[in-house]
Amino acid sequence: MKLSTFFLRGVLSLVCLLPLSCFAQITITPGATAATLAARLTGSGVTVMNPVLTCPGTAEGTFVGPSTLSFSDGIVLTAGLATDAGGNASIFASTGSGGPGDADLDALAGVPTFDACVLEFDFRPIGDTIKFRYVFGSEEYPGFTCTAFNDVFGFLISGPGYATPQNIALVPGTTIPVCINSVNCGATGGGVLSTCTALGPGSPFCAYFVDNSAGSTITYDGLTSTLTAIAHVTPCDTYHLKIGIADATDDILDSGVFIEAGSLSSGSLSVAPISSNPADTSFAGEFCVRGCDPGKFYFNTGTSSSSQTIHYVIGGTAVNGYDYTHIADSIVIPPGDTLGIVYIYGLTGVAPGTKTVTVYIMSNIPCGATSVIIDSATITIYDSFYLKILTPDTTVCLGQGLTINSTGNPFLHLHWSPSTYLSNDTVWNPYTAPPVVGSTTYILTGVYPGLGCPPVHDHITVTVENLQVHTRDTTFCAGEHVRLNAWVSPLDPTYTYLWTSGTNLDNPGLLNSTYTQNTVGDFALNLFVISAAGCSGNDSIHLHVKPLASVTALPGNTTIGYGDNIQLDAINLSAYPLIYWWTPADGSLTNPNINNPIASPIDSTTYVVHAMNQWGCRDSASMMIRVIDTSVAGVPSAFTPNGDGLNDEFRIVNMKNKKLVEFSIFNRWGELVYFNGVNPTRGWNGTYNGVPQDMGVYNYHIILAKPDGTNLDLKGTVTLIR
């Protein structure tokens, strides 16, 4: 291979690493199991068993959707990534997965293979042939034909009559395998035509090649036309089918094979559903409608040599004789005919709901105890013809309008009611712009002409909205936090709010936002309200900000003696007159309603002066007046309880402004010999329980309560002298 060719394939492999799925119109679901792939492939007259999948990464998958293929769903096996197979053909889809090749595919390609993806399973047919339809595609097209890059796939059947596996993926009418070098329109990319012609007479076959370089649904630049793989089999015998694909010579440019869903089939009997009006494609699947013309099942025998009776099993969700007129479980096709018809008339007056009727043709060859379905078909019974208003219930603003979009059966004749404010009452998509506030419900009626079917209906409610925004002007003091007074009619919790000049608001998106303004003056804010329908309204609010009151108090925090008084003074720091009141008004002030009362507290007190100006703006100031007691309490160091009237008792002296809490005396052994918690003028006379105590040293503990709320704790010794 020339160096330039290898370089080109390298560049293409790098390009293929780019994400491509955004171009795909078919939907590929990668990573399907062997059972899923085999079930998706299996059609009538075939029973599949023991599926096995051997693929690197996610080279396999299922697909659905529109494409350049002649079938709309199926399975895909690739030598790369399954998701790369669906997309714009101008984009490359290749990757090296590092997977091994396959010996059978090596033999078909004539060169080593890589990244093989293989699905195999056993199957049992009920007829004497099996067949399925497929399309092969590759990125080797169109640039590497008649070269060693002969990407290949095979459908290898083995079993009775096939001593060795035989490939049935053949060019029609030949024994030549379908591959890059057998299906193309001539040598490219340095290839030699003789490499292709060596595969057999007629090769390469241009008639089966499809140039997909401008395609928009399949990524591969080249495809085959839709081909059919066919093999002769013995009914009820078990066979093995191996479906595989691989890169040849290298793993750079990938290939894939698309196989039609349900196309692996065997047998000649078939059944097809026909709608009551085949021209009407507005319903999903084949259909009939209750009370209207019937749907039909067309049975095909494939031969007209003699009379034939086709037996079938009736299934589906519809009840025979209840949802539709009763049908038998078989049909007789007379000699000379190949077709028979069974009619499905949907009945009215039954429980509503979409129902299905399915018929299954069973094989006349039992193939053991397992019943085999040769073919099946389904007709859906609808309650009525399809009609739907696509536009939901809608709210519009006064002065605006909307187009009501509807869809439904194209054969219906339409009428809107009421026709008020509609541009046309007989079309699918009329325009309306009601000029009044309120709601109008429009009913769309569809009649299918000529079939005697009941009419169908749908409805929509159009509401016209007109927002009314209201605010109330507010006066407040500078620096205060005021909640804005605003409301909207009609009420609706879904409204969106926006206040302008939102720098002074705690939340500009709140209807009753809190506003703060430190500057005295008049201000205006605009409120805009928007509904969920996009309707809007607005109003302005005027805010009048008044000056603050400002006051301080003298002399400030200070201390006075017990029984003293002090002059208080409130100082006006603002430019406007103030009125005052002091707290607490507990009688310690000469007048609590003037600016300069005299205070005579007996306990420590915090005085607060409150001030208010003519607009009700307030301020306050406080001070703490601490009251202390300067007198000193004491006790003697000794006493002589001898009855001479001099120092006969041990007592507390200088108790001014203090309260006795505890007066306790203990002997040297810690025994309490005296206690007094009531009378501060009474002392100890040196006795305990009326018995004079010995001369000596005694311990005392005295607790006195002071005016400032604290306690004076005295501890010491006293000598009793006799």
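The values are calculated or read from the model by the stated rules, or taken from the named source; none is laboratory data. This structure is a prediction, so every number in the text was calculated from the model and none was measured. As a convention, Cβ positions derive from the backbone with ideal geometry for all residues, glycine included, and neighbour counts pool all protein chains shown.
If residue 176 satisfies all but one of (1) within 51 Å of the chain's Cα centre (by Cα); (2) aliphatic (A, V, I, L, M); (3) closer than 18 Å to residue 135 by Cβ, what's the number of the condition it fails?
Going through the list (1) within 51 Å of the chain's Cα centre (by Cα); (2) aliphatic (A, V, I, L, M); (3) closer than 18 Å to residue 135 by Cβ, residue 176 breaks only (1).
List pairs: first residue in region 26-54 and closer than 18 Å to residue 263 by Cβ, second residue assigned to a loop (DSSP other than H, G, I, E, B) and among the hydrophobic types (A, V, I, L, M, F, W, C) anywhere in the structure, Cβ distance under 7 angstrom, at least six positions apart or on different chains.
40/261; 41/261; 45/126; 45/372; 47/372
Please name all residue pairs, on different chains or six or more residues apart, with Cβ atoms under 8 Å, provided the first residue is in region 264-277 and is in a strand (DSSP E or B) and the second residue is buried (at least 21 other Cβ atoms within 10 Å of the Cβ) and modelled with pLDDT under 80.
Here the result reads 265/44; 265/45; 270/44; 270/374, each pair linking region 264-277 to a residue that is buried (at least 21 other Cβ atoms within 10 Å of the Cβ) and modelled with pLDDT under 80.
All but one of (1) under 28 Å from residue 125 (Cα atoms); (2) modelled with pLDDT of 85 or more; (3) over 44 Å from the mean Cα position of the chain (by Cα); (4) surrounded by 15 or more Cβ atoms within 10 Å (Cβ to Cβ) hold for residue 293; state the number of the condition that does not hold.
So residue 293 meets the others, but not (1).
Just checking: which of the strands (runs of 3 or more DSSP E) contained wholly in region 286-364 hold 1 or more residues that are within 13 Å of residue 276 (Cα to Cα)?
287-289, 295-300, 339-344
Checking the conditions here, which among 562, 580 is farther than 30 Å from residue 438 by Cα, in the same structural domain as residue 620 (by TED's automatic domain parsing) and at pLDDT below 90?
562
Being free of Cβ contacts under 8 Å to residues at least 40 places away in the same chain, part of a loop (DSSP other than H, G, I, E, B) and closer than 30 Å to residue 375 by Cβ: is that true of residue 173 here?
For residue 173, the condition - free of Cβ contacts under 8 Å to residues at least 40 places away in the same chain, part of a loop (DSSP other than H, G, I, E, B) and closer than 30 Å to residue 375 by Cβ - is met.
Please determine whether any residue of region 651-669 is farther than 28 Å from residue 709 by Cβ, surrounded by 17 or more Cβ atoms within 10 Å (Cβ to Cβ) and not aromatic (Phe, Trp, Tyr).
Checking region 651-669: at least one residue is farther than 28 Å from residue 709 by Cβ, surrounded by 17 or more Cβ atoms within 10 Å (Cβ to Cβ) and not aromatic (Phe, Trp, Tyr).
Residues that are of a type outside the set (A, V, I, L, M, F, W, C), touching a residue at least 12 places away in the same chain (Cβ under 8 Å) and surrounded by 13 or more Cβ atoms within 10 Å (Cβ to Cβ), at least 2 per element: which strands (runs of 3 or more DSSP E) completely within region 387-485 meet that?
394-397, 406-408, 413-417, 438-447, 456-465, 468-472, 474-477
Hey, among the residues in region 518-537 that are among the aliphatic types (A, V, I, L, M) and part of a strand (DSSP E or B), which one's farthest from the chain's Cα centre (by Cα)?
524
Residue under question is residue 318, and the condition is that it be of a type outside the set (Asp, Glu), under 29 Å from residue 387 (Cβ atoms), outside the structural domain of residue 121 (by TED's automatic domain parsing) and touching a Lys or Arg at 6+ places or on another chain (Cβ under 8 Å); does it hold?
yes
Within region 202-242, restricting attention to residues that are closer than 16 Å to residue 146 by Cβ and over 43 Å from the mean Cα position of the chain (by Cα), which residue is surrounded by the fewest Cβ atoms within 10 Å (Cβ to Cβ)?
The qualifying residue surrounded by the fewest Cβ atoms within 10 Å (Cβ to Cβ) is 206.
Tally the residues that are within 16 Å of residue 559 (Cα to Cα) and either in contact with a Leu (Cβ under 7 Å, 6 or more places away or on another chain) or in the same structural domain as residue 659 (by TED's automatic domain parsing) (or both), restricting the search to region 599-620.
Total meeting the criteria: 2.
Determine, yes or no, whether residue 154 is surrounded by fewer than 24 Cβ atoms within 10 Å (Cβ to Cβ) and either free of Cβ contacts under 8 Å to residues at least 40 places away in the same chain or in contact with a strand residue (DSSP E or B) (Cβ under 7 Å, 6 or more places away or on another chain) (or both).
So residue 154 fails the test.
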